[in-house]
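Values quoted throughout were computed directly from the atomic coordinates according to the rules given, and no laboratory measurement underlies them. These numbers were taken from a predicted model, which means no experiment stands behind them. Reconstructed Cβ throughout: ideal geometry from the backbone, glycine too, with neighbour counts over all protein chains shown.
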Amino acid sequence: MTTPATWLAERLGAAPAEARVRLAARGLPDRRDPSWRYSDPRRLTGAPGQAAARERLALPPAALRYEASTATIDPALLPTGAALAARAATASAAPGHDGFEDLNAALAPAEHALRLGRGADRPLRIVHSAAGDAYPRLAVELEAGATATVHELCAASAGLTDAVVRIRLGEGATLTWVQVQDAALAARHVAAFDVEVGAGARLVLHSYQLGADAARFAARVRLNGAGAQGELAALTLVEGRRQVDQYLEVAHLAPDTTSRQRYRGIADGRGRAAATCRAAVAPGAVRSDAGQSVESLLLSPHAEADARPELEILCDDVRCAHGATVGQLDEAALFYLLSRGLPRAEARALLVFAFADAILAGLDDPALRGAVEGLLRARLPTELAP
């Protein structure tokens, strides 16, 4: 397997000099970085697992479609009040959270700036469909009082997709963002979200990681204004030898802010599903309310689940709670369904789907929910591994 250092050097030949120096000094992350404790960056840079055909998610046409080196924009599909433009990528910008974000800044063909105003009449749909390495970069801004919904489908057929999304929510704005990652098993996927939520604004962010040989989804949310809210929900399904790491972090930086983090992970075969949910309450962020629920389900004796809830509280007068579980199917519930005449395979699939439905229930769009449910049902194992 190619080492991360060799892999990085191969890709930096055409990068700006400043970016090459920065990345050469910093390198790609490793497990000494606490936020990468449960990820193996070598899986993201080395040869992927065996390719396999996967049923594709059926959604309406996308307004923004990312390919390996270009982005096709259809203005007719943009919602009312939206403006989208390309500008030079920010290779000289301040360093990102890790080397993959720096690599995106160095190699992104362009940064697409999306401004969403009031009166959006439909969701914005984004599709990633590259057949090789791709570095999409998007900057999103919601004006004060705006309400918008974004549906993002990541369906690469091969290579690494290294995506960065920067979001700024104005006062009183509301954004619902749903990412469904259903890449082929010949692909790898890294996504980094950096979000600032203004006073009285609300972010709802869903992450469904269902594909790719190896994937990492990282969201860092800052509740900057009084009364800001952040709701993060994530679902992982792994089988075979796939690995997925979801890292969700919320910083409460103002009074009366609220956050909820919910994660469900399902691991079968020799797959590995990892999740970190972190909430930090800064000094002065009084009356903050943070809640975390991290639950994982193991369907095979060889599967692995890592669950890490974290709370950092640096002021009084707050309400914070967290919990984590890792377990197997409830035998009592399974026995109950069997006693009602359900076949064992159907009873198991029903219980596993019910476990995942705790996250799916948060999808308000019936068409999107139906499509994700169909993908999930098609991938759920019906028999326990020996």
Inset, instruction - Using only the Cα atoms of the chain, build the gyration tensor, take square roots of its eigenvalues as a ≥ b ≥ c, and label the shape rounded, prolate or oblate: rounded if a/c is under 1.5, else prolate if a/b is larger than b/c, else oblate. - result: rounded
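Based on DSSP, what percent of beta bridges with both residues in the chain are antiparallel, to the nearest 5? Spell out each step's value before the answer.
Numbers: 9 of 133 bridges.
Here the share of antiparallel DSSP bridges comes out near 5 percent.
Can you show me the helix-derived [θ] at 222 nm for the chain, built from DSSP H runs with n ≥ 4 at -39,500 (n - 2.57) apiece and divided by the number of residues, rounded to the nearest 500.
On the way: 7 runs with 72 residues, N = 386.
The helix-only estimate for the chain comes to -5500 deg cm²/dmol at 222 nm.
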Inset, instruction - Once you have the Cα-Cα distance between residue 377 and residue 73, take 0.36 nm times their residue separation minus that, and quote the gain in nm to one decimal. - result: 106.2 nm
Legend entry - For the chain, with +1 on Lys and Arg beta carbons and -1 on Asp and Glu, the positive-most of 170, 156, 192 along the dipole: 156
Inset, instruction - Give, rounded to the nearest 20 debye, the magnitude of the charge dipole that region 103-156 has about its Cα centre when Lys and Arg contribute +1 at Cβ and Asp and Glu contribute -1 at Cβ. - result: 140
Inset, instruction - Could you point to the residue in 230, 309, 128 farthest towards the positive end of the chain's charge dipole, with +1 and -1 charges on the Cβ of Lys/Arg and Asp/Glu respectively? - result: 128
Legend entry - Test item: Cα-centred dipole of the chain, Lys/Arg +1 and Asp/Glu -1 on Cβ, debye: 460
Legend entry - Dipole magnitude of region 273-386, debye to nearest 20 (Cβ charges: Lys/Arg +1, Asp/Glu -1, about Cα centre): 300
Inset, instruction - For residue 32 paired with residue 286, estimate the spin-label separation in nm (one decimal), with each label point 7 Å from Cα along the Cα-to-Cβ line. - result: 4.2
Legend entry - Signed unit charges on C-beta, dipole axis of the chain, positive-most listed residue 257, 291, 64: 64
Inset, instruction - Calculate, in nm to one decimal, what residue 83 and residue 42 gain on full extension: separation in residues at 0.36 nm each, minus their alpha carbon distance. - result: 11.0 nm
Inset, instruction - Tell me the trypsin sites (Lys or Arg not before Pro) within region 321-380 that lie in a loop according to DSSP and have at most 10 other beta-carbon atoms within 10 Å. - result: 340
